[in-house]
Amino acid sequence: MNDLRIEARPTPRPGPGELLVEVRSVGVCGSDVHYYQHGRIGRYVVEQPLVLGHEASGVVVAAGPGADASRVGERVAIEPGIPCGRCTRCRTGHYNLCPDVRFFATPPIDGAFARYVAINQDFAYPVPDTLDDDEAALIEPLSVGLWASWRAGIRGGERVLVTGAGPIGLVAVQVARALGAAEVIVTDLNRRRLGLAADLGATSVIDLTRESVPADLGADILLECSGAPQALVDGIRALAAAGTAVAVGMGPAADAVVPLQLIQNREIVLTGTFRYANTYPKAIALAAAGRIQLRSLVTGRYDLDHTEEALTAGSSDPSAVKAVVHPQQR
Ligand SMILES: NC(=O)c1ccc[n+]([C@@H]2O[C@H](COP(=O)([O-])OP(=O)(O)OC[C@H]3O[C@@H](n4cnc5c(N)ncnc54)[C@H](O)[C@@H]3O)[C@@H](O)[C@H]2O)c1
Ligand SMILES: [Zn+2]
Ligand SMILES: [Zn+2]
């Protein structure tokens, strides 16, 4: 724990159907910070040196056997989880729930704070030059927000409550607006993040250090993006009858108490989300169309030698939102 080393390792050789990608930008995620500081997340325990980083973009530099060599030179966003493709979950379209998924930076699978990674060619998605390398990396967290909004069934005209204005909440706000939500109300305790939420399309913000979420808010949809158990409870209470609550945030507690009677009386639908499936092309299209601003989330850029600073930026600076590492720079 709290032991980070920059090591020389052989460049990976792309296997059958894989592309070798020169990594250009990698976002720092809360899970990277957690593995670095605590050495585990739930049942995933770091037992041997682990390369962190799963929000990555880069340029294709080589193709393995059977992979499309014409893609060399292409700029790509990397979807960091490769499902087995054979199990029932995979075959029924729920590949994000594959029990055998190999996900970057989840022990024992190495991630992308590296100069090169090899990736199955179907999980490296072309990005247009209108998106820079950092934006292409942040297609990963954008996918989390897009999936949550799809699961919530946002179709247009809704009043949406987003609890938590971290990177995930800030993309969720924008996706909700892009999909047509009429109102997006955002809560947090961090005033700067709430200011950013307002800049990015929130129609109103609630600073929880001064006020609470009104129980009669009558929201159609809750996107819980803080991981705070109280935010889930207060958010469900703020839903109108027949509303939908989506638990995106993962808190330290495995179990949480929910207002069951209210869920029952108001026929509220409650679901969680686990990563995302089939989001990348749509997320790239939304960002490329200018409907989602990803660049304004980036508050720090670091070269590979300063990856440790990138991992600790969030704990030391309350105005930090998203740090990115540029592994080609030393
Ligand atoms: N479901 C998934 O697949 C998935 C994927 C990625 C991240 N996550 C989870 O989403 C959550 C958000 O990720 P992030 O990177 O934005 O994290 P973050 O920690 O940067 O942001 C969380 C925000 O919530 C705020 N907050 C804390 N308590 C609150 C409360 N009671 N009400 C409202 N806001 C509150 C914090 O001030 C912070 O700004 C995390 O729990 C993360 O683990 C889930
Ligand atoms: Zn992440
Ligand atoms: Zn599978």
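Those residues that are under 17 Å from LEU232 (Cα atoms), within 9 Å of ligand 1 (Cβ to nearest atom) and touching a residue at least 24 places away in the same chain (Cβ under 8 Å), I need them from segment 173-212; list them, please. Of everything in segment 173-212, those that are under 17 Å from LEU232 (Cα atoms), within 9 Å of ligand 1 (Cβ to nearest atom) and touching a residue at least 24 places away in the same chain (Cβ under 8 Å) turn out to be VAL186, THR187, ASP188.
Listed by position, the strands (runs of 3 or more DSSP E) inside segment 263-330 whose residues that are over 21 Å from ILE139 (Cβ atoms) and open to solvent by less than 50 Å² (accessible area, probe 1.4 Å) number at least 1 are 269-272, 298-303.
Of all residues in segment 83-108, those satisfying the criterion of being within 16 Å of ligand 1 (Cβ to nearest atom) and crowded, with 16+ Cβ neighbours inside 10 Å are PRO83, ARG89, TYR95, ASN96, LEU97, CYS98, VAL101, PHE103, PHE104, ALA105, THR106. Consider LEU4 carefully, then state whether it is of a type in the set (A, V, I, L, M, F, W, C) and either assigned to a loop (DSSP other than H, G, I, E, B) or within 16 Å of ligand 3 (Cβ to nearest atom) (or both). So LEU4 passes the test. Of VAL23, VAL76, VAL61, all but one fail to be open to solvent by 30 Å² or more (accessible area, probe 1.4 Å), within 29 Å of ARG301 (Cα to Cα), touching a residue at least 24 places away in the same chain (Cβ under 8 Å) and more than 16 Å from ligand 1 (Cβ to nearest atom); the exception is VAL61. The set of residues in segment 281-301 being touching an Asp or Glu at 6+ places or on another chain (Cβ under 6 Å) and under 22 Å from TYR35 (Cα atoms) consists of VAL298 alone. Note on segment 255-272: residues that are of a type in the set (A, V, I, L, M, F, W, C) and within 13 Å of ligand 1 (Cβ to nearest atom) total 1. Do we have any residue at all in segment 131-142 that's more than 16 Å from ligand 2 (Cβ to nearest atom) and part of a loop (DSSP other than H, G, I, E, B)? Yes. Strands (runs of 3 or more DSSP E) fully within segment 13-90 that include at least 3 residues being assigned by TED's automatic domain parsing to the domain that holds ARG102 and within 16 Å of ligand 2 (Cβ to nearest atom): 18-27, 55-63.
The values are calculated or read from the model by the stated rules, or taken from the named source; none is laboratory data. Fair warning: this is a prediction, and the values are worked out from it, not measured in the lab. In this analysis, Cβ positions are derived from the backbone assuming ideal geometry, glycine residues included, and neighbour counts consider all displayed protein chains. Quick note on the areas: whole protein, heavy atoms, side chains included, nothing else; ligands and nucleic acids left out. Shrake-Rupley method; radii C 1.70, N 1.55, O 1.52, S 1.80 Å.
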